[in-house]
Amino acid sequence: MYEDGRYKRNPDVSWRVIEGQAVLVHNREGEIEVLNEVGTYLWEHADEPLEQLVGNISRDYGVAPEEARRDALEFYESMVASGALVAAET
Amino acid sequence: MQRAYEKPAVIYKEKIE
């Protein structure tokens, strides 16, 4: 289960935002991923508290906080599974 | 004006050869 502060962006993943969409390059695996707008927001702010991001998304997009939280957690877990997010050093 | 919400997702993925 994804938790605040447990993960960070993988330093082996190069990325930049192009026209509002994050393009991630997994250098070791030789894969690229493109994120949609909300995914890009979550990726750019992955080091910030989840509840703060959920509040911002809920306000900016008019979506229920419960839905925004559920989607954000699912997204972050998929980023961990793909290796884009890795465990932060303790 | 509020933006349309889209569930956060990977919208494109490709293996680079």
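The values are calculated or read from the model by the stated rules, or taken from the named source; none is laboratory data. Everything numeric in this text was worked out from a predicted model, so none of it was measured. Because the Cβ atoms are built from the backbone with ideal geometry, glycine has one as well, and the counts that use them run over all protein chains shown.
A:Thr40 fails exactly one of the following numbered conditions: (1) closer than 18 Å to A:Glu19 by Cβ; (2) touching a residue at least 60 places away in the same chain (Cβ under 8 Å). What is the number of that condition?
Of the numbered conditions (1) closer than 18 Å to A:Glu19 by Cβ; (2) touching a residue at least 60 places away in the same chain (Cβ under 8 Å), the odd one out for A:Thr40 is (2).
Condition first: without any contact (Cβ under 8 Å) to a residue 24 or more places away in the chain and closer than 22 Å to A:Ala87 by Cα. Now tell me which residues in segment A:17-30 satisfy that.
A:Ala22, A:Val23, A:Val25, A:Asn27, A:Arg28, A:Gly30
Could you check segment A:50-90 and list, in sequence order, the residues that are in contact with a Lys or Arg (Cβ under 6 Å, 6 or more places away or on another chain) and either polar (S, T, N, Q) or under 16 Å from B:Ala9 (Cα atoms) (or both)?
Kept after step one, since they are in contact with a Lys or Arg (Cβ under 6 Å, 6 or more places away or on another chain), are these residues of segment A:50-90: A:54, A:61, A:71, A:88.
Scanning segment A:50-90 gives A:Val54, A:Tyr61, A:Asp71.
Which residues, counting only those in segment A:43-88, are loosely packed, with under 12 Cβ neighbours inside 10 Å and either within 11 Å of the chain's Cα centre (by Cα) or in contact (Cβ under 8 Å) with a residue 24 or more places away in the chain (or both)?
Passing the criteria: A:Asp47, A:Pro49, A:Ala87, A:Ala88.
Collect the residues in segment A:6-45 that are among the small types (Gly, Ala, Ser) and part of a helix (DSSP H, G or I), keeping them in residue-number order.
Of all residues in segment A:6-45, those among the small types (Gly, Ala, Ser) come to A:14, A:20, A:22, A:30, A:39.
Within segment A:6-45, just A:Gly39 meets the criteria.
Every residue in segment A:46-79 that is part of a loop (DSSP other than H, G, I, E, B), at pLDDT 95 or above and within 11 Å of another protein chain (Cβ to nearest Cβ), please.
Correct list: A:Gly62, A:Ala64.
Could you list, in sequence order, all residues of segment A:9-26 that are among the polar types (S, T, N, Q) and surrounded by 13 or more Cβ atoms within 10 Å (Cβ to Cβ)?
The initial filter retains those residues of segment A:9-26 that are among the polar types (S, T, N, Q), namely A:10, A:14, A:21.
Those that are among the polar types (S, T, N, Q) and surrounded by 13 or more Cβ atoms within 10 Å (Cβ to Cβ): A:Asn10, A:Gln21.
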